[in-house]
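So the structure is just underneath, and the comments pick up after that.
The values are calculated or read from the model by the stated rules, or taken from the named source; none is laboratory data. For clarity, every value in this text was computed on a predicted model and none was experimentally measured. A quick note on method: Cβ atoms are made from the backbone with ideal geometry, for glycine too, and the neighbour counts reach across all protein chains shown. Ligands, DNA and RNA are excluded from the accessible area calculation, which covers all protein heavy atoms including side chains. Shrake-Rupley method; radii C 1.70, N 1.55, O 1.52, S 1.80 Å.
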Amino acid sequence: PLDPTGTEIRLIRIEPSQQFSAQVRCSIFKVRLEDVPTYYALSYCWGDQSNPICIRLNGCLFPVGINLYLALRRLRSLAGDVPAVYWVDAVCIDQKTDEERGHQVSMMRNIYEGANEVSVWLGEAAQGSMDFLKQPALFGQRSWKAIRDLFLRAWWNRVWIYQEIVVSR
């Protein structure tokens, strides 16, 4: 358990993999915010939790929602051969312990402020959703639809956006 009176948090280390489809493997460890650890934070929408996918966390199976699983897999591929260290609420906070969850939520502003960077996961790209960025000269009806669809994603409706993005570095 985390110290309920201090600034202790958990971080995960996402292990690299040469295969994009390989199971996500992470290790979890504790740090104190006053020690100024180097980490990233993930801002995402939990989404549907009814059919979780298991990752390996310290060698044990750990269920996560599909949206988080897809985010972790993509973050792992972006990091290349280097393990990526992240704070991810669904994994780093013991969701079954009200006391810990309450204390960690009260620290979230500090957690996001302390992150070296906040990565935003809007979900997997839809077919053609980023075409307007590749060829801005061809901006047309399809581009407007792609932009609309991007801003209709669930992430934009979350109340935590201000805290996660505005206070980040």
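Within segment 47-61, is there a residue that is β-branched (Val, Ile, Thr), touching a residue at least 12 places away in the same chain (Cβ under 8 Å) and over 21 Å from residue 167 (Cα atoms)? Yes; the residues of segment 47-61 include at least one that is β-branched (Val, Ile, Thr), touching a residue at least 12 places away in the same chain (Cβ under 8 Å) and over 21 Å from residue 167 (Cα atoms). Applying the criterion of at least 2 residues that are under 24 Å from residue 7 (Cα atoms) and open to solvent by 40 Å² or more (accessible area, probe 1.4 Å) to the helices (runs of 4 or more DSSP H) found wholly in segment 30-128 leaves 98-106, 108-114. Of all residues in segment 1-23, exactly one satisfies the criterion of being in contact with a helix residue (DSSP H, G or I) (Cβ under 8 Å, 6 or more places away or on another chain), modelled with pLDDT under 90 and surrounded by 12 or more Cβ atoms within 10 Å (Cβ to Cβ), namely 4.
Condition check ((1) closer than 29 Å to residue 15 by Cβ; (2) out of contact with any strand residue (DSSP E or B) (no Cβ under 6 Å at 6 or more places or on another chain); (3) at pLDDT 90 or above) across all residues:
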position	(1), (2), (3)
65	yes, yes, yes
91	yes, no, yes
103	yes, yes, yes
106	no, yes, yes
123	yes, yes, no
127	no, yes, no
132	no, yes, no
150	no, yes, no
156	no, yes, no
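Listed by first and then second residue, the pairs with beta-carbon distance under 7 Å, at least 6 apart or on different chains, first residue in segment 5-25 and free of Cβ contacts under 8 Å to residues at least 60 places away in the same chain and farther than 15 Å from residue 61 by Cα, second assigned to a loop (DSSP other than H, G, I, E, B) and open to solvent by less than 40 Å² (accessible area, probe 1.4 Å), are 8/2.
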